[in-house]
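Q: Below you will find the structure I want to go over with you.
All of the numbers you see were taken from the coordinates with simple rules; none came from a lab. Note that the structure is predicted; figures quoted are calculated from it, not measured. All Cβ positions, glycine included, derive from the backbone under ideal geometry; neighbour counts span all protein chains shown.
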Amino acid sequence: MLKINDLHASVEDKAILRGINLEVKAGEVHAIMGPNGSGKSTLASVIAGKEEYEVTKGEILLDNEDIDELAAEERAHKGIFLSFQYPVEIPGVSVTNFMKTAINETRKAKGQDDMPANEMLKMIREKAELLEIDRKFLSRSLNEGFSGGEKKRNEIFQMAMLEPKLAILDETDSGLDIDALRIVANGVNKLKSKDNAVIVITHYQRLLDYIVPDFVHVLHEGRIVKSGTKELAHELEEKGYDWIKQELV
Amino acid sequence: MDLKDKLISSFMAFENTVNNETPVHDVRSEAMKSFEDKGFPSKRDEAWKYTSLNTVLKHDYSVFPKQENALEYRDIKKYFIHDIDTYKVVFVDGKYSSHLSQTTHDGIDVCLMSAALTKPKYRLMIENYFNKAATKDSLSSLNTAFSQEGAYIHIPKNKVVEKPIQIIHFSTGNESALLLQPRNLIVVDENSHVQIIERHQSLTDHPVLTNSVTEVFANKRAIVDYYKIQNDKQSASLVDHTFIKQKRESHASVHTFSFGGQLTRNNLNFYQEGERIDSTLKGVTIIGDKQHVDHNTLVHHIEPNCESHQDYKGIFADKSTGVFNGKVVVDKIAQKTNAFQANNNILLSDKASINTKPQLEIFADDVKCSHGCTIGQLDESAMFYMRSRGIPEKEAKALLMFAFSNNVLDSVKIPEIKQRITKIIANKLGVNIGFNL
C-alpha cells in the first residue's frame, strides 16, 4: 500500500530525513519509535503533505502512485489520514460542521454527491459512541478548550468518520491518561481491517500494549536504523535508545 | 468648477425648488454655510488621516438627476431580502420609486422624508427630531443642506413592527456621475421594536458618490436593530453618517457588512442619554482589489449604568486598506459603565493594510472599559490541519474566515439576513459550501 524509497526531506535547508525506506502492506500495523528529534513527526508530516517540508530525494508511493506532487487534501482524498500530535484549535467551527465539510469535500473530489443529512447524523452518532464522546462535545468549537485527552479522542473520532486507507498516529498517546489511552486504542483497533493500515509513531512502548504492531522500526537521525517485531519495542523500553546509538557506533 | 463650487451654486437652485416657508429652510441654510466654511475633509483632519476623498471627489457629479429612471423589480430583486415580507422604501437615482416600495401609515409611519418635511401633520416631529442628532461636520452639513429625500419612519409607542423595513437606494448610471444625498429619520417611541435593513446599490460602472445621513431616536425601552449591507460596485463610494440617540433602557444595534465599493466610510455615533442603555456596534469587512473601508465609531456614555459592545472583524486581500477608529467617551457621571471594544483583522497579502486606533476618554472612576485590536495572518497550521482532512485550500480558507466572522454573524437576529450575508461571503471567496456555522 505505502512504499517509501530512499526518502530525503528537509525544512529550511536543514536535512531531517536522510534516506528512509519503508513498506507498509494492507492489514499491517507498523510502529515507528525513536528518540526526540529523530525525524518521526517529520516523516508523518511529509507523508501527509505538509508544504514546509521539501522532499529532496526519493519517493513516496501510495498504491504504486507517486504522491509527492499531491496537495495535502488530495492525499486525504486518496485515504491518508494523520492524527496530529498537537491538534489545532479552530474557534467558530463546530466539530460536527467540520466533519460534514471534510466528508462532503472528500466525496465531491471523488465525484460523489453530498452525504444525506440523516446518514451523516447516524454516522456521527455511531462513531461518537465508539470513542465514548458526549453529544454536547460535537457542537463545541473544534479543539477549542479541549483537554489533551479530548483532543486525541477527537482525532480518532475524525479517523473513524473518514475511514482512511492509511492512518498515521503521531504521538497519539502523549498527554493521555490510562483510561483515555484505552478508549483511543480500542477505537483504532475496531477500525482496523485487512484493507487498511496503521503507522503508530510513539516514543514509548505503552501504546503498543494496546495497539499491537506487526513491525517496529527505530528511527535515528533521519534513518531507520533497526527493524523488528513487537519484541523490539520491549527491548527499547528496557534498554533505552542509547543502546541503539551505541550499537550503531 | 470644482465640486465645492458646484455644490454652492446648486444650493441656490435647490432652494428655489423647495418650500422656503418651513423651519427646515433655516436649518438647510445654516448647514450650507457650515459646509462652505469647512469644505470637504482632507487628510489634515485628524478624523480623515487614513482616508482620502481626493480620487472620489474628482468626478464631475450631477447633483440633481435629469430624468426619472424606472427599474423593473425582477431585475433588481436580488438586492432585496425577498424571502420574507418586508416594508420597502426604495429610491432610484435619489427619487422615490412608488412601484418598488411598500410603505404604510397603518399605525406606524413608513414613508418619505420629502412628505415629512413638507406636510403640516409631521411638523412637530420634524421640529423635535430633524437634525437634532446629526453633528455639524462638513459632510453631514452638506447632506443637511440638501436634505430632501429619504425614508421617514415613526413607530409610536408599544408597537412591535413585525416586518423588517428595507431602505434601498439604487443608482442606474444614466448620469455619467451621480452624487446622492439621502436623508433618513427614524423615531422609535417607548416600548416599540423595529428592524431596519439599508442598502446602497449601483447598477452600472459610472461613478456614484453617496453622502448619506441617518438619524435614529430610540426612546424609552425601544429596541432598534439596524443592518447595513454594503456590497456595492467598484465604481461606487459611500460616506455614511448614522447618529443614534438613545433614551433610558433602550437597546440599539448596528451591524455593518462591508464587502464592496471603492471607498466606504462609516461614521457611526451613539449617544446614551439615559440609564441602563445597551448599544451594540458590530461589523464584518471583507475586501480586496484596491478597496477601502473606514469605520469611525463613537459611543458617548453620558449617563450611569449603561453598556456598549463593539466588535469589528476585517479581512483584507490584495491592495485593500482598512481603518478602524473607535472612540469611547465616558462622562464623569457615567459610573458603572461597561464598554467593550474589539477590532480583529486578518491581512491576506503583503500589500493590504489596516490602521486601527482605539480612543478611550474616560472621566468616571468606577467603570469597566476594555479594548483590544489584533492584526494577523491566516493561521497556517489550521490550514494544514483542515487540508489534511480533505478540505481543499480555498474552502479551508473560507471556513477559517467564516469562523473568524462568526460572532458578528451570530448576533444577527433575522435568519434571512444571516443567510444572505453568508451567501455573499461565500460568493466573494469563490466557494460553494453549504455549511452554516
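Q: Using θ = phi - 60° and the Karplus curve 6.51 cos²θ - 1.76 cosθ + 1.60, what whole-Hz ³J(HN,Hα) does each residue of the stretch B:313-328 get, with Gly and Pro shown as x?
A: 10, x, 10, 10, 10, 6, 10, 6, 10, x, 9, 10, 10, x, 10, 10
Q: Rounded, prolate or oblate: which fits the protein assembly as shown when a ≥ b ≥ c are the square roots of the eigenvalues of the alpha-carbon gyration tensor, with rounded for a/c under 1.5 and prolate only if a/b beats b/c?
A: Numbers: a/c = 2.63, a/b = 2.47, b/c = 1.07.
Prolate.
Q: In addition: Pairs of alpha-carbon atoms within less than 8 angstrom and 6+ residues apart define the contacts here; what relative contact order does the stretch B:262-305 have, in percent?
A: Contact order relative to length: 64 percent.
Q: Expressed in nm to one decimal, what extension gain is obtained for the pair A:Ala109 and A:Glu65 from 0.36 nm per residue of sequence separation less their Cα-Cα distance?
A: Value of the extension gain: 14.1 nm.
Q: Just in the stretch B:284-337: which trypsin sites (Lys or Arg not before Pro) are loop by DSSP and have at most 12 other Cβ atoms within 10 Å?
A: B:Lys332
Q: Sort B:Ser308, B:Ser381, B:Ser176 so the one with the fewest other Cβ atoms within 10 Å of its own Cβ comes first. Could you put the intermediate results ahead of the total?
A: Numbers: B:Ser308 24, B:Ser381 14, B:Ser176 11.
In order of increasing Cβ crowding within 10 Å: B:Ser176, B:Ser381, B:Ser308.
Q: Looking only at the protein assembly as shown, where both bridge partners belong to it, what percent of the DSSP beta bridges are antiparallel (to the nearest 5)?
A: 20
Q: Going by amide H atoms built from the backbone, whose H comes under 5 Å of the H on A:Ser83, apart from near neighbours?
A: A:Ile168, A:Leu169, A:Asp170
Q: Have a look at the DSSP beta bridges in chain A and tell me what percent are antiparallel, nearest 5.
A: 60
Q: Per residue of the protein assembly as shown, what 222 nm ellipticity follows from adding -39500 (n - 2.57) for every DSSP H run with n ≥ 4, rounded to the nearest 500?
A: Helices in the protein assembly as shown give a 222 nm mean residue ellipticity of -8000 deg cm²/dmol.
Q: Quick query: amide H of A:Ile32 versus all other amide H atoms, modeled in the peptide plane; which residues come in under 5 Å with a sequence gap of 5 or more or a different chain?
A: Under 5 Å from the amide H of A:Ile32: A:Val200, A:Ile201, A:Thr202, A:His217.
Q: Using amide H atoms built 1.01 Å from N in the peptide plane, name the residues 5+ places from B:Leu180, or on other chains, whose amide H lies under 5 Å from its own.
A: B:Leu209, B:Thr210, B:Asn211
Q: Could you check the spin-label model distance between A:Glu247 and A:Val55? Points 7 Å from the Cα along Cα→Cβ, value in nm.
A: Placing both labels 7 Å beyond Cα along the Cβ direction yields 2.9 nm.
Q: Run the numbers on chain B and let me know its relative contact order in percent, using alpha-carbon pairs under 8 Å that are six or more apart. Show your work: numbers first, answer last.
A: Values: 1067 pairs, mean separation 41.2, N = 437.
That works out to 9 percent.
Q: Calculated FRET efficiency, B:Lys95 and B:Asn158, Cβ-Cβ r, R0 45 Å, to nearest 0.05?
A: 0.85
Q: Listed here are the pairs A:Lys152/A:Lys239; A:Lys57/A:Lys226; A:Lys127/A:Lys245; A:Lys14/A:Lys127; B:Lys77/B:Lys428; which of them are more than 31 Å apart at the Cα?
A: A:Lys127/A:Lys245; A:Lys14/A:Lys127, as the Cα separations exceed 31 Å there.
Q: Here's a follow-up. So if I place +1 on the C-beta of Lys and Arg and -1 on the C-beta of Asp and Glu, and nothing else carries charge, what would the dipole magnitude of the stretch A:2-248 be about its Cα centre? I want it in debye, nearest 20. Don't jump to the answer; show the numbers that get you there.
A: Working: 33 positive and 44 negative charges, 120 e Å.
Rounded to the nearest 20 debye, it is 580 debye.
Q: Where in chain B is the longest stretch that carries no GluC sites (Glu not before Pro) classed as loop by DSSP and with at most 13 other Cβ atoms within 10 Å?
A: B:163-437
Q: Let me ask something else. How high is the relative contact order of chain A, in percent, with contacts defined as C-alpha pairs under 8 Å that are six or more residues apart?
A: In percent, rounded to a whole number, it is 28.
Q: Working out 0.36 nm times the residue gap between B:Ser411 and B:Asn54, then minus their Cα-Cα distance, what length gain in nm do you get to one decimal? Could you put the intermediate results ahead of the total?
A: Values: separation 357, 0.36 × 357 = 128.52 nm, distance 3.60 nm.
Value of the extension gain: 124.9 nm.
Q: Does the stretch B:215-346 come out rounded, prolate or oblate, given a ≥ b ≥ c as the square roots of the eigenvalues of its C-alpha gyration tensor, rounded meaning a/c under 1.5 and, failing that, prolate meaning a/b above b/c?
A: Since a/c reaches 1.5 and a/b is larger than b/c, the shape of the stretch B:215-346 is classed as prolate.
Q: When the dipole is taken about the Cα centre of the protein assembly as shown, and only Lys, Arg (+1) and Asp, Glu (-1) are charged at their Cβ, what size is it in debye, to the nearest 20?
A: Rounded to the nearest 20 debye, it is 1360 debye.
Q: Among the listed pairs B:Lys6/B:Lys58; B:Lys49/B:Lys357; B:Lys336/B:Lys368; B:Lys136/B:Lys313; A:Lys165/A:Lys194, which have their C-alpha atoms separated by more than 19 angstrom in this model?
A: Distance filter (> 19 Å) returns B:Lys136/B:Lys313.
Q: Here's another thing I want to ask about it. Under 18 Å Cα to Cα from B:Lys413, which aspartates and glutamates show up? Leave out anything in the same chain fewer than 8 places away.
A: B:Asp83, B:Asp85, B:Glu162, B:Glu198, B:Asp225, B:Asp278, B:Asp311
Q: Can you pull out the chymotrypsin sites (Phe, Trp or Tyr not before Pro) in the stretch B:347-434 whose DSSP state is coil and whose Cβ has at most 16 other Cβ atoms within 10 Å?
A: B:Phe363
Q: Can you find, among A:Pro91, A:Leu130, B:Thr17, the residue sitting farthest towards the positive end of the charge dipole of the protein assembly as shown, where Lys and Arg contribute +1 and Asp and Glu -1 at Cβ?
A: My answer, from the dipole projection, is B:Thr17.
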